[in-house]
Every structure is written in structure tokens, then in C-alpha cells.
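Chemist: Handing you this structure, nothing more for now.
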Amino acid sequence: MLVSRDVAKNVPAIVSRKDWYEWLRLRLPSRPNVLTSVQREAITACAARDAIDAGFPPPFELKPGLIGALLSFYDELHRYRRSTDAFERLGIPTCAYKGLGFFDTDEVKDIRALLRYLANPLSELRAAAFLRSRFMGVSDCALAELAGGLCDALVRVPESEKVARLNAEDRRILELARLAVPGWVQLVDRMSPCEVLDHVIVASAYMTELGTGQTIQKRENIKKIRSMVRRAQNRGYATMQRIAD
């Protein structure tokens, strides 16, 4: 009875799981952002379309406990990134022992997002990942606003009412993207994957986006993934699609 009274006293407004999660979120010192229902629908639709394109049509079967394990894993990654980023913003060199794996570092994820997009520019999910990478740097709000037309936003002017709702920085990024990205897509049929990658890194001035802190390690990670791409294409006929996969 005591436990019941405590629960009733402390959380009197709980009527659903959504309310419970919101109550927990409000108790956190730094409250995480919550996706709106529209954002969740857009992300789910993009993921489903990309899964269908890859040959895995829904419905999807999830093993028991998988969602909990994924959330725990990404929560750990988030805490790690917040710790190192805080030191880097203060200009303090950092070195994480047994931190993120190679493929989980920001720079490697950026390059993988670039390669995957160039391999299939018509994929909304890949376009979203590319726009969110440091090659583009579009905000989450802009992604939600342009959901359903992310592929078009990279190569042509979006609908005027959508553009009007974007902030100035996102509009500037999209204008620059429309000048450069179509040319990058055309290079896929003219140059090897590694040459395309090198061209985009230079043309986008990506190396300047690495910031301070573990810059040496970040550059080494980029050199490593470049060498992986080159080795893969040197083994024989390799399209951008095969390299990205």
C-alpha cells in the first residue's frame, strides 16, 4: 500500500506509456529532444522504402529484447560523444581508450553516408543521412520539413512553402548542395569510387570540418577508409554500389 500511495503521489498524471516517457524525460537534467509524430512517420517511411529497395520487404520480425539492446547501445555511444565533444570545444586534447569502434566514428560514418548516397541518389534514407553528415550539415528540423522530398532537395529547388519555413543556414546549405551534388553524382559513371571520394573531400573542404581535439586520429581514420575503398576497387570491377554495400 505504501508503494502504491507513493506512485500515486509522485506521478498522478500517468495514463499511458507516452505520458510515462514524457514524465521521465522531464525529470532529466538535460532533456533530450522528442520526435513529433510527423517526424516518426517520415523516418519510418524512409526506412521501410530503403529496406524494400534492399530486398527486405515488411513486415519485419524483431527478436525479443532487440529494441532494448539497441537503445542501451546508442545511449552509451551518446554519452561517450558528449564527453569527448565537451573537451574538444574547450580546446583540450582528448584520447579515448577503447572508445567508439572505427566504423562508429563520425568521420567514417560521414564518408559511408556519402558513398551510400552516391550509389543510390534516389533513396530518401540515404539522402537524409548524407544531408545530416558534415558534408552538408543540414539541421534535423530541415530534414523533418523536407521529408518525402530529400532526394529532390539536393538537386532542385524544393517547394516554396517548405523553403520559407527553413532557417537561413539550411537554405544556404541547400543552395550550395544544388550547385555541387549533381556534378558529384555524374562523376560516379566517369571515375573510380576512390577518385570520386577524393574529389568530394577536396571540393567540399571536408577536412576543415574535423574540428580540434583528436584531429590526427580523425585524419588517420579517413586515410584508412580511403585505403579500404581503393583495395576493394583494385580487386576487380567495382561499382559505387558494390563499394557502398
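Chemist: Identify all residues within region 156-172 that are in contact with a helix residue (DSSP H, G or I) (Cβ under 8 Å, 6 or more places away or on another chain) and either at pLDDT 85 or above or not assigned by TED's automatic domain parsing to the domain that holds V200 (or both); write none if there are none.
Modeler: L166, N167, D170, R171
Chemist: Another question, if that's okay. List the helices (runs of 4 or more DSSP H) that sit entirely inside region 125-234 and contain at least 2 residues that are over 23 Å from D50 (Cβ atoms) and of a type outside the set (G, A, S).
Modeler: The qualifying helices (runs of 4 or more DSSP H) are 160-164, 168-187, 193-203, 215-234.
Chemist: If S192 satisfies all but one of (1) over 15 Å from R112 (Cα atoms); (2) under 21 Å from the mean Cα position of the chain (by Cα); (3) hydroxyl-bearing (S, T, Y), what's the number of the condition it fails?
Modeler: The number of the failed condition is (2).
Chemist: Shifting gears a bit: With respect to A238, determine if the residue is touching a Leu at 6+ places or on another chain (Cβ under 8 Å) and surrounded by 13 or more Cβ atoms within 10 Å (Cβ to Cβ). Walk me through how you get there before you give the answer.
Modeler: Values: touching a Leu at 6+ places or on another chain (Cβ under 8 Å): no; surrounded by 13 or more Cβ atoms within 10 Å (Cβ to Cβ): yes.
No.
Chemist: Any idea how many residues of region 200-245 are small (G, A, S) and closer than 24 Å to V138 by Cβ?
Modeler: Qualifying residue count, region 200-245: 6.
The values are calculated or read from the model by the stated rules, or taken from the named source; none is laboratory data. Source: prediction; values computed, not measured. We place every Cβ from the backbone using ideal geometry, glycine too, and count neighbours over all the protein chains shown.
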